[in-house]
Structures are given as C-alpha cells and as structure tokens.
1. Counting residues that are buried (at least 21 other Cβ atoms within 10 Å of the Cβ), which strands (runs of 3 or more DSSP E) fully inside the range 207-324 reach at least 3?
2. What are the residues in the range 283-324 that are free of Cβ contacts under 8 Å to residues at least 40 places away in the same chain and of a type in the set (S, T, N, Q), if any?
3. Tell me the strands (runs of 3 or more DSSP E) entirely within the range 38-127 that contain at least 3 residues that are closer than 16 Å to Ala16 by Cα and touching a helix residue (DSSP H, G or I) at 6+ places or on another chain (Cβ under 6 Å).
4. Just to be sure I understand, how many residues within the range 130-152 are part of a loop (DSSP other than H, G, I, E, B) and either more than 22 Å from Glu183 (Cα to Cα) or touching a strand residue (DSSP E or B) at 6+ places or on another chain (Cβ under 7 Å) (or both)?
5. Taking interchain pairs and intrachain pairs at least six residues apart, which have beta carbon atoms under 8 angstrom, with the first residue in the range 194-206 and closer than 16 Å to Gly166 by Cβ and the second of a type in the set (A, V, I, L, M) and surrounded by 14 or more Cβ atoms within 10 Å (Cβ to Cβ)?
6. Would you say Tyr63 is aromatic (Phe, Trp, Tyr), outside the structural domain of Glu244 (by TED's automatic domain parsing) and either in contact with a Gly (Cβ under 7 Å, 6 or more places away or on another chain) or closer than 30 Å to Leu286 by Cα (or both)?
7. Return yes when Ala171 is loosely packed, with under 12 Cβ neighbours inside 10 Å and under 30 Å from Glu140 (Cα atoms) and no when it is not.
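The values are calculated or read from the model by the stated rules, or taken from the named source; none is laboratory data. Because the structure is a prediction, the values reported are computed rather than measured. Glycine gets a Cβ as well: all are built from the backbone with ideal geometry, and neighbour counts include every protein chain shown.
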Amino acid sequence: MQWTELDRAVDVIRGAESVALACHVGPDGDALGSMLALHHLCLAYGKPSVASWPEPFVVAPHYRYLPGLELAVKPADFPAAPKVMLTFDCGSLDRLNELGRSAAAAGELVVVDHHASNDRYGTVNVIDTEAAATAVLVRELARRLDWKLTREAAMCLYTGLVTDTGRFQYANTTPSVFALAEELAAFDLPIESMTRQLFEEHRFAYLQMAGACLARAELDRDLGFVATWVTNFDLDGFEVDLEETEGLIDLVRRTAEADVACVCKETAEGIRVSLRSVSPDIDVSLVAARFGGGGHRFAAGFVAPYPVVDVIGNIKAALRQLRG
C-alpha cells in the first residue's frame, strides 16, 4: 500500500465534523471488528460517528459479544449523503447493498481494506494486500491519529485479527501479527470466552444441520476439490439461521484429500459461495473473480444467480484451467 493514502485518510478523519462508518453485507469478524473499533475510538475522542451494515441487519451468533453492536444504527437511519464515510473490509460498492448509495454520495469516501480484488472505489483507498486483516490497518490509523486504544476497541480489533488469521493458523500469520495480538491481549481481553464463542460454540440444531450437509458433500479426488451446500429446506427444517452457518466452510476445508473447499448457500440474492484453499499454488480469489466476486488467495467468495449444481460445475471448470 502507498502510505500516502493512509496519511490522506488521517487528514480526512481529523478534518471531519463527523464520520459515517459501514461494512459489507453479512459482516464477518474482521469487517465488524474493524468498523466497531474505529467507532469506539471516534466516540472516545469526541468525533461524532455512526456505524451500520446492510440489511438483513443481523450478525452471526459468534460475534454478538462484540462491544458496540448496540450502538450501530439500521441502514434506514444511515446518512444519505455523509460528508465523510469510511468502509471496512469491503471490496466493492455492490457489497454495501443499499448503503452503496450513501457511499456514492459521500463527499469523501475512505476505503479501508486488505483484499487484492478491491475495486478502489473510494476517494481515498487505504488498501494493503499484505495486511493480515483490515483490523491491522485500523490499528495503524489509530496510531497515526494519535488515538490510544480502549479496551472495547482492542476487543474488536482482536476479533478481526484472530478470525482473518484462522486463530493464527493461516499463512498470513506473521511476526507482526503476533506482536499486534500481544498488544491487544494486554487490555485484559477475555480470550478464552471469545475464542469459544467465535470458533467452538454452536447450537445442537446447527450441529445436526452441519452433519446433514457433510453427509451430502462431494469429493473430486482428481481435482482435489470438496463441496457441499446448504438449502432453504435445511435452514427451515433444522431451524437454523443463515448467519449461523458461517463456520461450515471450516469443517469442509479439513478434508485431507482436497486442497480447495467450497460451501454453497441458498439465499434471497442467489447462491452465496465460500471458497477456501490450503495450497499456496491455488489462489481462490482468481476463481471468485471469474464470477464477479473476490477475496484473498486462501479465502474468497461470490454470489451466483443459478442453481448449485451449475455453480459447482463452473467452479470445477475454473479450477481445471488454473491447474493447467
């Protein structure tokens, strides 16, 4: 990333009377954690701010401990044309859904992200593809603003860091990641309870549904590809919310015979696809980009307007081309 963009972002925030903060639809730990961390810091340092994400205005159960969720406003109450707006962990305007209109109308739009596929749709683009998480960039923003972290902000940043590094297991876990984790943990964070809620705790109904989805999983041994899917019938039958299924991909990616994993989910917007790679030779963001999506080398996704069987077939064809 060009650090001049970070300096420009600092100037924009300092000069703003107030800021509007947003993250992508169906926010994950890094999106929510990054946005809420800056929200806490703005409030702590007397900078009026408002934070939101698109409808459906809900979060996965794993993230409901995050301080500041209760401070967020519904998308309908978000400023229509904010003078200064920041987006977090969001690679394109369309991932903001209805909040994209506010972004397009903003006087200054600061994009804070670490996805290589980011469209650079802001007037200021703080994008570092080498950063392990967007939370890393928010920490640097706070440092340059001379804003000291609060415990609430530290808890939010730690959530972003630990989720996007897969509990410090992914290839993006560098010495600087551990250094930041040490700094954040010094705020007496409840790491044990956070870790359990983030990664280990699920309702029995979800475990039953996950078992059904794993039972139907398909493995292509020659291609090193495993996939399964979640239907509306599954969600209704097991009384599970779509947001609860976020961690299903982490179960599927454990398949020893596959280095690429896929979970498809039926949603109102289409088939939502999550891709994971455990091979440095397979960049799943390149696969997602072919279908209008994006992400990272090891984690990416897209939404498709056609049936699951076609989605999986198209992904297989793309992988065959990538593998040569």
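1. Working: elements: 218-220, 225-230, 260-267, 270-277, 299-304.
Here the list reads 225-230, 260-267, 270-277, 299-304.
2. Matches in the range 283-324: Asn314, Gln321.
3. The qualifying strands (runs of 3 or more DSSP E) are 108-113.
4. Taking the range 130-152 as the starting set, the residues that turn out to be part of a loop (DSSP other than H, G, I, E, B) are 130-133, 146-150.
With the extra rule that they be either more than 22 Å from Glu183 (Cα to Cα) or touching a strand residue (DSSP E or B) at 6+ places or on another chain (Cβ under 7 Å) (or both), the set shrinks to none.
Final tally of qualifying residues: 0.
5. If the second residue must be of a type in the set (A, V, I, L, M) and surrounded by 14 or more Cβ atoms within 10 Å (Cβ to Cβ), the pairs left are Met194/Met155; Met194/Val162; Thr195/Val162; Leu198/Val162.
6. Numbers: aromatic (Phe, Trp, Tyr): yes; outside the structural domain of Glu244 (by TED's automatic domain parsing): yes; either in contact with a Gly (Cβ under 7 Å, 6 or more places away or on another chain) or closer than 30 Å to Leu286 by Cα (or both): yes.
Spelling it out, Tyr63 is indeed aromatic (Phe, Trp, Tyr), outside the structural domain of Glu244 (by TED's automatic domain parsing) and either in contact with a Gly (Cβ under 7 Å, 6 or more places away or on another chain) or closer than 30 Å to Leu286 by Cα (or both).
7. no
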